[in-house]
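The values are calculated or read from the model by the stated rules, or taken from the named source; none is laboratory data. Please read these numbers as outputs of a predicted model, since none were measured by experiment. Every residue, glycine among them, receives a Cβ derived from its backbone with ideal geometry; neighbour counts consider all protein chains shown. Heavy atoms of the whole protein, side chains included, go into the accessibility calculation; ligands, DNA and RNA do not. Shrake-Rupley method; radii C 1.70, N 1.55, O 1.52, S 1.80 Å.
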Amino acid sequence: MKKALAIVALAAVSAASQAATVFSDNFDAQSYGLNVTPIGWTVTDGTVDIIGPTFYDLCGAGNGKCIDLDGSNSDAGVLSTTFSLTAGVQYTASFELAGNHRGGSDTGTVSFGSQSLSFALAAADAFSAYQLVFTPGASGVYSLSFANAGGDNIGALLDNVSVTAVPEPETFALMLAGLGLLGAVARRKAK
C-alpha cells in the first residue's frame, strides 16, 4: 500500500510540475508567401513574410519555415496573437529570433501582456532563444506581439513560438496535502 501511494504521489507531482502548453507555432504548417498573415495570428501596421527552405531559405538548413518580421512592402508589420489567461498563473512566452542574414541590423520589441523585451540583432546573428514571463493580475485576453522597427523589406527572423502555463506553487501544496490525507486514511484502515 505504501509503495502504491508513493508511486501515485510521484506521478502526481511529476504531472503537476509540467508546464501546460497554451499555444505553439513553429510556422512549418503555414503556407509560404510574401505579405502573408500566418493562420492563428494577426498582422497590423504593415506586413510579414512566411519563408523557408524552398522560398527565401533564410531560416537555416533543415529548420523548416520562419517569419521575416519586415514584409515585402517596405512597411514592417506587428505580428500578434491573443490568449485567454487566468489571473495569478505564471505564463512563459518562448521564441527564437535571428538576424535577417541579408545585411544591416534589426531592432524591435516583443510584448507579452504587460512585459516587453527590446531586441537588436546584427544580420549574421544565428537563432537564439528568448523568454518573457507574465503573470496576469486579472483573468482576460492578453496578446503576444512581435514588432520589427524596420521598413526595408528585410527584418529579424522569428521561429518556434510557444506560451506555457506554469502551475502555481499553491497547487502543489494542496495536492501534497490531499495525498497525505489519503495516505493517513489508508494507513488507518490498514490497522
request  = May I ask you to say which residue of Asn148, Asn153 is at positive phi and out of contact with any helix residue (DSSP H, G or I) (no Cβ under 8 Å at 6 or more places or on another chain)?
outcome  = Asn153
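Hey, does segment 52-64 have a residue that's modelled with pLDDT of 95 or more and either surrounded by fewer than 19 Cβ atoms within 10 Å (Cβ to Cβ) or outside any strand (DSSP E or B) (or both)?
Within segment 52-64, not a single residue is modelled with pLDDT of 95 or more and either surrounded by fewer than 19 Cβ atoms within 10 Å (Cβ to Cβ) or outside any strand (DSSP E or B) (or both).
Please enumerate the residues belonging to segment 106-122 that are touching a residue at least 12 places away in the same chain (Cβ under 8 Å), open to solvent by 40 Å² or more (accessible area, probe 1.4 Å) and part of a strand (DSSP E or B).
Thr107, Thr109, Gln115, Ser116, Leu117, Ala120, Ala122
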ask   = Can you find a residue in segment 144-162 that is buried (at least 19 other Cβ atoms within 10 Å of the Cβ) and touching a Pro at 6+ places or on another chain (Cβ under 9 Å)?
value = no
ask   = Could you list, in sequence order, the residues of segment 123-143 that are open to solvent by less than 40 Å² (accessible area, probe 1.4 Å), more than 19 Å from Ser74 (Cα to Cα) and aliphatic (A, V, I, L, M)?
value = Leu132
query = Taking segment 65-82 as the search range and keeping residues that are farther than 18 Å from Tyr130 by Cβ and out of contact with any Gly (no Cβ under 9 Å at 6 or more places or on another chain), which one is least open to solvent (accessible area, probe 1.4 Å)?
reply = Ser72
request  = Output the residue which, of all residues in segment 91-105 that are farther than 18 Å from Leu79 by Cα and not polar (S, T, N, Q), is least open to solvent (accessible area, probe 1.4 Å).
outcome  = Tyr91
